[in-house]
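Below: one structure, written as structure tokens.
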């Protein structure tokens, strides 16, 4: 059996017209029945009863046939390619109904009673007026009802020959012309409305399909970039690591300068790759929030150490302020928070030629143990036009293309930061005045923490609080071993993500016993000395009594 073909536009239009005919059909039949009863009651005393009964029987039979047709239509629910058949059946029913009413006008027309003759005219005109409205969706149905319904009574008035009857006949002819014109106009408007609606629906479906295709393509691109992050980063990390190793050897002056340029270019390219990949991962939904207890003071201190050098190189002042009423120990994703702050500080330093860059963390609101923190990064740079405030958070977009070309960058930093803040359930915005600088703000809600052990290399002398203190050395070793193995593999691959892994490892190491080894590891990995770091990792594992497979 061949599958049903898609209906054409003409078939769909015809199906819509037929549906509009049958939709109010039962209601119009009920109105017909009421009109017939009133007609019979009005003419019962003026016309022979047998003629009234004959007409009533004829109208009832036609009405029952049309009711049966309507019930069959509703039950079958025909397809668009069957609309022509059902339209013809409905037209036949309308023609029979018109003949029935025309017969009523003829049979129940009293020859010598002008008052009841006028009643016949009024009833016929009323039925034809209603039919013009309900049947004009299909002109043939309306015409085949109007002609047989109005013709007999019009002829009867003309045949009477006196002046009043002739005037009424002319009025009937004029009404018939009006009904025909109305039928044509209603039919045209209905058909045009159907076509316009179908065209709009088709356009909407096309736009929805195009949108789905674009979203699918964008998602595939994001998934692809997010999944091949290792393939992108590993070669760059190897280039950076090997370049560092070469720079440690004896080189001539021009060789040294060339290798330094290679190293700087590789580091710049890696930064661009990391920005694009981080944005793609955030867009594809592969990034997740990993809440842990952390010290806000410690994170801001790390940010200060990282930002001071860049600010000092441009002669800028760099400050960080943490409000006194702000809890220090919070539960949230410290890694992503640090990434957002570093992106905003880096952007502020890049576009500020003189003055200062400042970071401030304040308490925005508190509800139970939920604390909403407001972070702001302010600079004294050139500022951003108000019309571009929203666009600065779009990927590959910059507030001023000319300044971006001078300072470099891909425009991904703020886009990644915006995505990360949104991922953590926060909100980011910018406030800026041309010539006075900009302030980038964002809020994030954290849970207030308990006790956390701060790394000895960064501790101020007192432990910070966290919800989950380390129970004992055995528990720590269960957490240390997988991180140590991961750090070893990353160092083998010259992967700069080793720095983040070392940071996690440092936070749970047993303290002073490993402090010297950790300091050496930080120096090696910080200078891309991954080969040297491998030996330090093995030595650290031996000190902790961990059997680390070495390749």
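What follows draws every value from the coordinates through simple rules; no lab data is involved. Bear in mind that the values here come from a model prediction, so they are computed numbers and not experimental data. We place every Cβ from the backbone using ideal geometry, glycine too, and count neighbours over all the protein chains shown.
Annotations for the structure displayed:
- Taking a ≥ b ≥ c as the square roots of the eigenvalues of the alpha-carbon gyration tensor, the stretch 1-123 is classed prolate because a/c is 1.5 or more and a/b outweighs b/c.
- The three principal axes of the C-alpha atoms in the stretch 9-203 carry coordinate ranges of 63, 32, 20 Å, sorted with the longest axis first.
- FRET efficiency for residue 479 and residue 306, using Cβ-Cβ distance with R0 set to 25 Å, rounded to 0.05: 0.45
- The alpha carbons of the stretch 243-344 give a radius of gyration and a Dmax of 18.5, 57 Å, in that order.
- Globularity index of the stretch 126-204 is 1.47 (Cα radius of gyration / 2.2 N^0.38 Å, N = number of residues).
- Inter-probe distance in nm under a simple model that places probes 7 Å from Cα toward Cβ, at residue 167 and residue 35: 2.5 nm
- The chain: relative contact order as a whole-number percent, Cα under 8 Å and 6+ apart: 10 percent
- FRET efficiency for the residue 385 to residue 422 pair, using the beta carbon distance and R₀ = 25 Å, is estimated at 0.60.
- FRET efficiency for the residue 49 to residue 129 pair, using the beta carbon distance and R₀ = 25 Å, is estimated at 0.30.
- Put a dot 7 Å past the Cα of residue 257, heading toward its Cβ, do the same for residue 207, and the two dots end up 6.0 nm apart.
- DSSP finds beta bridges in the chain, and of those with both partners inside it, around 85 percent are antiparallel.
- All-pairs alpha carbon distance profile, the chain, 20 Å steps from 0, percent: 16, 31, 13, 16, 17, 8, 1
- Label-to-label distance for residue 115 and residue 290 is 10.0 nm, based on points extended 7 Å past Cα in the beta-carbon direction.
- Gyration tensor (alpha-carbon) shape descriptor, the stretch 111-151, a/c threshold 1.5: oblate
- Degrees separating the helix 498-508 axis from the principal Cα axis of the chain, which is the longest one: 80 degrees
- Taking packing as the residue-averaged number of other Cβ atoms within 10 angstrom, the listed peptides 335-344, 533-542, 321-330 run from highest to lowest as 335-344, 533-542, 321-330.
- Residue list for the stretch 292-313, given a label point 7 angstrom along the Cα-to-Cβ vector of residue 500 and an amide N cut-off under 20 Å: 292-296, 298-307
- Cα centroid separation, the stretch 356-374 to the stretch 104-143 (Å): 81 Å
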